[in-house]
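J.: I'd like to ask some things about the structure below.
The values are calculated or read from the model by the stated rules, or taken from the named source; none is laboratory data. None of the values given here were measured: they were computed from a predicted structure. Positions of Cβ are backbone-derived with ideal geometry, glycine not excepted, and every protein chain shown enters the neighbour counts. These area figures cover heavy atoms from the full protein model, side chains too; ligands, DNA and RNA do not enter into them. Shrake-Rupley method; radii C 1.70, N 1.55, O 1.52, S 1.80 Å.
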Amino acid sequence: MADSFDLTVIGSGPGGYVCAIRAAQLGMKVAVVEKWPTLGGTCLNIGCIPSKALLHASELLEEATHGFQQLGIDVPRPQLNLGQMMVHKADTVAANVGGVDYLFKKNKITVFRGIGSIPAAGKVLVTPQSGAQQEISSKNIVIATGSVSASLPGIEIDEKQVVTSTGALSLEQVPSKLLVIGAGVIGLELGSVWQRLGAQVTVVEYLDRILPGMDSEVARQFQRMLQKQGMEFRLSSKVAGIDRDENGALKVRIEPAKGGDAEVLGADVALVAIGRKPYTDGLGLDLVGVALDERGRVRVDAHYKSSVDGIYAIGDVIAGPMLAHKAEDEGIAVAEILAGQAGHVNYGAIPAVVYTNPEVATVGKTEDELKAEGIDYKVGKFPFTANGRAKAMLATQGFVKILSDVNTDRVLGAHIIGKNAGEMIHELTVLMEFSGSSEDLARTTHAHPTLSEAIREAALMLGDGAIHI
Ligand code: FAD
Ligand code: NAI
């Protein structure tokens with residue numbers, strides 16, 4: 001007889017594993033089907049977690065090499081031990097995926113290893129790498145199969161020399177020249193890692209700006225900071241093809257985006273980071289009748305239900321920002337909905353962070369969006385050069401920018417470039433979650449001396465004025 005569950009989740013990334021845990025906490029009998037040997041999906045295995053391990057280690061190397069002397073710390077020039085850095089990355093991944101194993105056991109969640117497909121609503125078929133197929137019967141099914149790197153036509157990925165983020169997280173040596181295709185989050189984060197470790201990095205971007213979707217003033221200033229660090233940019237350009245010379249080095253043909261003469265750039269490694277696409281291969285969605293949208297994402301309603309009753313979808317495989325915390329929150333929301341509660345995600349207050357140095361963090365509307373929507377807004381912008389703690393930390397790059405409604409003073413968006421911006425953004429996220437105003441923020445005592453005081457000063461600028469500028 002088939003195993004029987006209240007909920008079967010296909011995919012154990014941040015969307016799937018969080019959904020499974022919340023559903024179990026709410027009393028459901030839960031199964032998870034995962035085709036990879038470890039749990040945790042893209043984020044824990046080949047995404048957020050390993051990239052942050054390398055970003056942290058490479059940032060410390062950079063600081064020890066260039067930042068210590070001014071602080072009065074004389075050390076011999078630090079040496080890179082790439083092998084050990086990769087061990088740190090692998091240990092970090094292992095600790096995190098092991099954590100999901102532990103949480104699944106604690107919550108009595110059954111894991112099936114293999115490719116999950118949906119022959120009919122209420123049924124999931126598990127096809128393991130070897131051995132017999134297994135059928136699960138399940139009252140509800142959540143598809144949380146995530147996304148994979150998008151590819152460029154005519155460019156073959158070998159994950160050694162022409163790599164996606166997955167290969168770029170595991171290079172065996174530091175390339176002397178790294179060519180990054182795409183000035184998005186992956187390109188800038190992983191480009192930063194290898195640049196700090198010694199590579200000369202050139203980023204080729206199709207658009208005339210970096211980080212599309214982020215506030216354009218923030219993007220412009222951030223590009224200047226990256227250029228100061230030595231990163232080169234070729235904006236409004238596209239890669240027409242990649243060849244190899246007689247020594248095996250890459251010859252990358254670049255063309256102006258609007259067409260024109262090609263030029264050839266040499267590189268040891270090329271990283272293709274032009275976005276990610278939803279992954280639904282092998283699920284058999286066409287047979288069961290689950291509709292996809294024009295970009296191949298599972299179409300869902302406001303309650304994450306697909307076009308078929310009993311089949312739901314969350315995370316990177318549906319519309320919205322491809323972020324781990326967005327997937328997690330949808331996982332919690334759908335579990336609560338299935339338990340008869342009012343699960344909900346506030347898409348207006350989802351923070352996003354680029355974990356470079358300085359970090360870039362954003363929540364809510366950008367100035368570009370407010371202009372396009374015709375909303376009257378005011379800007380409070382406070383630089384870290386005027387913040388005492390930032391001076392003590394030699395971290396005066398960047399600023400806090402808060403956008404509020406001219407008529408109501410409600411905070412509509414916030415954008416930070418600076419050290420620890422990714423931690424600081426949450427004060428603004430909570431404020432926006434509670435529909436707070438800049439005056440609420442300006443009247444809140446902030447400990448001194450902290451980088452967060454720059455947030456309060458930016459809020460004060462929206463009222464009677466900042467104190468320290
Ligand atoms: P995924 O994490 O992609 O998980 C999907 C899972 O489903 C996988 O384990 C897959 O094996 C499994 N699966 C697929 N099909 C089947 C099937 N038919 N049967 C069984 N199992 C199946 N986001 C952030 O918020 N912060 C970051 O710092 C960050 N850094 C990133 C860095 C990199 C290099 C990359 C690539 C991504 C990063 N992301 C980051 C994005 C983040 O990883 C994704 O948004 C997140 O993983 C999406 O979660 P998910 O649960 O929807 O899918
Ligand atoms: P992205 O969508 O962030 O950036 C892709 C970039 O490539 C864009 O600037 C785009 O204009 C450019 N591009 C597209 N086609 C091109 C071409 N043919 N030639 C040159 N440039 C081209 O995608 P990315 O960086 O691959 O990341 C994928 C997803 O992973 C993102 O949606 C992001 O949310 C998520 N992610 C999040 C991280 C974080 O939260 N810190 C870290 C890494 C990834």
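J.: Just check the chain against the gyration tensor rule for me: Cα atoms, a ≥ b ≥ c as the square roots of the eigenvalues, rounded for a/c under 1.5, and otherwise prolate or oblate depending on whether a/b exceeds b/c. Show your work: numbers first, answer last.
T.: Numbers: a/c = 1.69, a/b = 1.22, b/c = 1.38.
It comes out oblate by the Cα gyration axes.
J.: Now a separate question. How many angstrom lie between the Cα centre of the stretch 404-469 and the Cα centre of the stretch 232-270?
T.: If you average the Cα positions of each part, the centres end up 43 Å apart.
J.: Tell me, what is the per residue accessible area of the chain in Å², probe radius 1.4 Å?
T.: Values: 21740 Å² over 469 residues.
Here the residues of the chain average 46 Å² of exposed surface.
J.: What figure, in Å² to the nearest 10, do you get for the accessible area of Met424 with a 1.4 Å probe and non-protein molecules left out?
T.: Counting only protein heavy atoms, the figure is 10 Å².
J.: While we're on this one: Quick one: order Asp440, Asp409 from most to least accessible surface, probe 1.4 Å. Mind showing how you got there, number by number?
T.: Working: Asp440 80, Asp409 25 Å².
Greatest to least solvent exposure: Asp440, Asp409.
J.: Which sequence of His448, His426 reflects their accessible areas, 1.4 Å probe, from the largest down? Before the final figure, lay out the partial values.
T.: Working: His448 140, His426 85 Å².
From most exposed to least exposed: His448, His426.
J.: Sticking with this one: Lys/Arg Cβ at +1, Asp/Glu Cβ at -1, dipole of the stretch 226-356 taken about the Cα centre: which of Gly248, Thr280, Ala327 is farthest positive-ward?
T.: Gly248
J.: Another question, if that's okay. What helices does the chain have that are whole DSSP H segments, at least 15 Å long along their own axis by Cα, and with mean Kyte-Doolittle hydropathy of 0.0 or more? Each step should come with its number before you reach the end.
T.: Details: long enough: 14-25 (16 Å, 0.41); 48-66 (26 Å, 0.15); 82-106 (36 Å, 0.17); 185-196 (17 Å, 0.54); 216-228 (18 Å, -1.02); 324-338 (21 Å, 0.18); 421-433 (18 Å, 0.55).
Those that clear 15 Å and a mean of 0.0 are 14-25, 48-66, 82-106, 185-196, 324-338, 421-433.
J.: Work through the residues other than Gly248 whose Cβ is under 15 Å from its Cβ and net out their charges, Lys, Arg +1 and Asp, Glu -1.
T.: Working: positive: Lys160, Lys177, Arg244, Lys251; negative: Glu156, Asp158, Glu172, Asp243, Asp245, Glu246, Asp268.
In short, -3.
J.: What percentage of the solvent-accessible surface of the chain, computed with a 1.4 Å probe over protein heavy atoms, is contributed by carbon and sulfur atoms?
T.: On the way: 11030 of 21740 Å².
Here carbon and sulfur together make up 51 percent of the probe-accessible area.
J.: Turning to a different aspect of this structure: Within the stretch 263-337, list the GluC sites (Glu not before Pro) lying in a DSSP loop whose Cβ has at most 14 other Cβ atoms in a 10 Å radius.
T.: Working: sites: Glu263, Glu294, Glu328, Glu330, Glu336; in loops: Glu294.
Passing sites in the stretch 263-337 are Glu294.
J.: Rounded, prolate or oblate for the stretch 1-42? Axes are the square roots of the Cα gyration tensor eigenvalues, ordered a ≥ b ≥ c, and the cut-off for rounded is a/c under 1.5. Walk me through the intermediate numbers first.
T.: Details: a/c = 3.10, a/b = 1.29, b/c = 2.41.
Because a/c hits 1.5 or more and a/b fails to exceed b/c, the stretch 1-42 counts as oblate.
J.: Counting only trypsin sites (Lys or Arg not before Pro) that are in a DSSP loop and have at most 11 other C-beta atoms within 10 Å, tell me the longest site-free stretch of the chain. Mind showing how you got there, number by number?
T.: Values: sites that count: Lys108, Lys160, Lys258, Arg295.
It runs 296-469.
J.: Rounded, prolate or oblate, given the Cα gyration tensor of the stretch 207-260, with a/c below 1.5 counting as rounded?
T.: Working: a/c = 3.54, a/b = 1.76, b/c = 2.01.
Oblate is the answer for the stretch 207-260, as a/c is 1.5 or above yet b/c matches or exceeds a/b.
J.: Mind checking which of Thr445, Ile455, Ser435 is farthest towards the positive end of the stretch 413-464's charge dipole, using Cβ charges of +1 (Lys, Arg) and -1 (Asp, Glu) about the Cα centre?
T.: Ile455
J.: If you rank Thr356, Thr396 by how much accessible surface each has, with a 1.4 Å probe, what is the order from largest down? If you can, show how the numbers build up before the last one.
T.: Values: Thr356 0, Thr396 55 Å².
Highest to lowest solvent-accessible surface, that is Thr396, Thr356.
J.: Using only the Cα atoms of the stretch 78-172, what semi-axes does the equivalent ellipsoid have when each is the square root of 5 times a gyration tensor eigenvalue? Give whole Å, largest first. Write out the running numbers ahead of the final one.
T.: Details: eigenvalues 230, 96, 26 Å².
Gyration-tensor ellipsoid for the stretch 78-172: 34, 22, 11 Å.
J.: What net charge do the residues around Phe112 carry, taking every other residue with its C-beta under 11 Å from that of Phe112, with Lys and Arg at +1 and Asp and Glu at -1?
T.: Working: positive: Lys35, Arg113; negative: Asp3, Glu34, Glu135.
Around Phe112, the surrounding residues sum to -1.
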